[in-house]
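To keep things clear, I will list the structure first and then write my remarks on it.
Computed from the coordinates by the stated procedures, all read-outs in this text should not be read as laboratory data. Because the structure is predicted, anything quoted here is derived from the model rather than measured. FYI the Cβ positions are ideal-geometry reconstructions off the backbone, even for glycines, and counts take in every protein chain you see.
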Amino acid sequence: MNKESKTDYSSKDALDNLDNYDLSTSVRGKYDDQYQALKGNIPRRIHTNDGTKQVILHTVKAKGILDEQGNFKTNIISELLSGEYEITMIIEENQNSNE
């Protein structure tokens with residue numbers, strides 16, 4: 001999207017448009033817990049086969065290399081302290097045949 005296609009809304013336009021929305025049933029902060037959890041700020045209770053544990057989840061996106069022996073090598077740029085972590089990975093397999 002180029003800059004010419006962006007619409008510049010003034011705060012007056014935003015206030016005028018509020019009349020078009022019914023916010024009477026809205027709840028302020030309804031999704032704040034989920035947002036804070038994605039940022040890694042709220043402890044979550046995880047149920048596993050070994051029992052229940054309290055954890056803080058962090059989302060880290062990184063690229064890596066998986067070799068034939070099953071070793072995954074990556075560099076993670078994060079605010080996490082060095083140490084041992086339990087990791088669950090979601091692998092995005094590239095479906096583009098050109099790459």
Checklist entry - Considering only Leu66, Tyr31, Ile46, whose Cα is most displaced toward the positive end of the charge dipole of the range 28-84, charges sitting on Cβ of Lys, Arg (+1) and Asp, Glu (-1)? => result Tyr31
Checklist entry - What spacing in nm lies between the two simple spin-label points modelled at Arg28 and Leu15, each 7 Å away from Cα in the Cβ direction? => result 1.8 nm
Checklist entry - By how many nm would the segment from Val55 to Glu92 lengthen if fully extended, with 0.36 nm per residue of separation less the alpha-carbon distance? => result 10.9 nm
Checklist outcome for this item: For the range 28-84, the Kirkwood Rh over every pair of distinct alpha carbons, in Å, works out to 14.1 Å
